[in-house]
Every structure is written in C-alpha cells, then in structure tokens.
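The values are calculated or read from the model by the stated rules, or taken from the named source; none is laboratory data. Quick caveat, the model's predicted, so the values are computed rather than measured. With ideal geometry, Cβ positions are generated from the backbone for all residues, glycine too; neighbour counts draw on all protein chains shown.
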Amino acid sequence: MTATRSGALDLGQGRYVTEHAAPVKLLLRAWRFVRHQPLGTVGLVIVLTFIVAAVFAEQVAPYSPDKQNLRHRLEGPSAEHWLGTDYTGRDTFSRLIYGARISMMVGFGAVFIGSGGAAALGIVSGYLGGWSDKIIQRVVEAWQAMPGLVILLTILGIVRRMDNVNVVFAMVLAIGLLSIAGTSRVIRAQVFTIRHQPYVEAARSMGAGHVRIIWYCILPNVFPLILVTMTVGLGGVILAEASLSFLGFGPAGEPSWGQMLSIDGREHMRRQPGLAIWPGVCIALAVFGFNIFGDALRDTLDPRLRQR
C-alpha cells in the first residue's frame, strides 16, 4: 500500500487521512452541535443574521437611514416600505438594519473589554491567592457595589457635552469596564480549582515560572468559560445600550433601536404602532438569540453537562 500526495497513511486503521482532516472535524462538530442543540442553533442563526445585517448594512438596507420623504410619513407596511415609515418619511426597515450596527458594535466591543479585563483579574487573583487575592477581591466587591446605571448615565452625560468625543466609543468603554468585576469572580472560582490539578503541580516542579504556568496550563482550561461568559454577556450589553439610547444618552444622529423606541415609538405609536413594535422585536430577538446560544455553548463545552 502506497501513500498518495493528497494524504498520509493511517497505520492504526489502515486507511488514508487527507490533508483536510481539520475542516472535516470542524464540520462534524458543527453538525453534532446542530443535532444535539437545536435551540442553540436557532440562537446562532439569529445572532449571525444580526451580524450580517450590521456588517453589510449599506448593501442590505433598501434606503439610506436618513432619507426623508414627507409625502409618505407615518405610512404602514407596503411594497415600497416593508415595515412602514416614521414621522419624517424615513424607512423603518432600513433604520432597523443600521440600528443593528450600533448594537453589535457596542455589544462586541464592551464584551471584549469586559471579558479581557475579567480574565486577567480573575486569573491573577485565583492563581496567586493569599493576601493578593484578598486585596483584589475587596476592590472587586467595592467595584460591584457601585450603581452601574447611575455611573453610565453620569459618564455619558459628561461625554455628550464634550466636543470631538465619540459617544459610541465612550459607551463601549464604560459598559465594558463596569462588567469586569462580576465576570472576574466566576473566572477566579474556576482558577481556584485548576491551580491544584496534577499537571499544574508537575509544571511547577519542573521549574516553570508563574507566567508560563498561567499561559500554558491555566488559560487554555479557562478559555471555554471565558467564551461562554462573552456569549451570554452580549445580550445584557445590547439591552444596556438600548436602555441608554432610550433615555437619550445614545449617539445623536445615528439610528439605534432604543432611540427609535423612545422618540418615534412613544410619540407616534397610536398612528403607526410598528414604530414601537419592530425595534422592541429586534431587541428581544437579539437578547434571546445570544442567551440561548450562550447556554447551548456552555452545555457543549462543559464536560459535566455534556456527559449528562
């Protein structure tokens, strides 16, 4: 039996393993996820739909979000405007698609900042232990005791009065920093369990330093938990962004779901109910999609839940 250029001989089973083994394994895992987590698959489809709409908003939206047509103001759904128009004749469907861009941008940006900071804080606190852990945890407890909504409103209220400051970036930074404390305690609890494992003790006995142990022994085993907390946390961040925009602290001049609910929905809901219904449906679907996908991902990555 001779080996071919497209593969290598597998002596264990007497067959050829092609160079595309990794993509095939990825497809098999994806199919296994779809088969065993149907509700999580629905959440993944919802999440991907909003991400595609946010990235390709210019190509997907039939109109510009700021294009006004006073002759068609406050109209219901039609062939020209699928979800109707607002009080200045702007297309509601197009504004919803561009609103997804704000929500996804704030959601992913804040989650990356929050999860990165929480991972660093939780790993250091859980690995070092002792007085270092006690000091860090007292700071985290004080961090969690602060009223998050009041702080967000204060920060954004100051930022909106300043010139040449990106409100979206300020919102991402503020929400991300406030979410570090709670997530860090979850990661710290996991690190407490991992640091006493035999492979960590073996690495320490072989002379590995703290940085090397954290990078090669702790972080790979904590990464699935970090990934799950990121996925679940996205729904909460999107809801926080919509709440801030509803209260008037979102980016001015850009369509967002919370702003559409606050301005268009409340004032013209009786004449055109879709102005309040469709932004609320988008917020609910985004939060629902990220939550059920995060739960399914947790069940898949956690060996104990996967065995059950």
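Quick notes
- Region 75-97, subset touching a helix residue (DSSP H, G or I) at 6+ places or on another chain (Cβ under 6 Å) and not in a helix (DSSP H, G or I), residue surrounded by the fewest Cβ atoms within 10 Å (Cβ to Cβ): 82
- Looking at 178, 244, 173, just one residue is surrounded by fewer than 19 Cβ atoms within 10 Å (Cβ to Cβ) and closer than 20 Å to residue 154 by Cα, and that residue is 173.
- Count of region 148-170 residues, restricted to those that are under 25 Å from residue 188 (Cα atoms) and over 22 Å from the mean Cα position of the chain (by Cα), is 0.
- For the residues 237, 281, 228, the requirement of being at pLDDT 90 or above and either touching a Leu at 6+ places or on another chain (Cβ under 7 Å) or surrounded by fewer than 17 Cβ atoms within 10 Å (Cβ to Cβ) (or both) singles out 281.
- Meets criteria (surrounded by 19 or more Cβ atoms within 10 Å (Cβ to Cβ) and more than 22 Å from residue 247 (Cβ to Cβ)) for residue 127: yes
- Here residue 199 fulfils each of the conditions (1) surrounded by 14 or more Cβ atoms within 10 Å (Cβ to Cβ); (2) at pLDDT below 90 apart from (1).
- Here is the figure for region 140-185: residues that are among the charged types (D, E, K, R) and either more than 19 Å from residue 248 (Cα to Cα) or at pLDDT 90 or above (or both) total 2.
- For region 267-285, the condition of being part of a loop (DSSP other than H, G, I, E, B) and in contact with a strand residue (DSSP E or B) (Cβ under 9 Å, 6 or more places away or on another chain) holds for at least one residue.
- Evaluated against (1) out of contact with any strand residue (DSSP E or B) (no Cβ under 9 Å at 6 or more places or on another chain); (2) on the phi > 0 side of the Ramachandran plot, residue 74 falls short on exactly one condition, (1).
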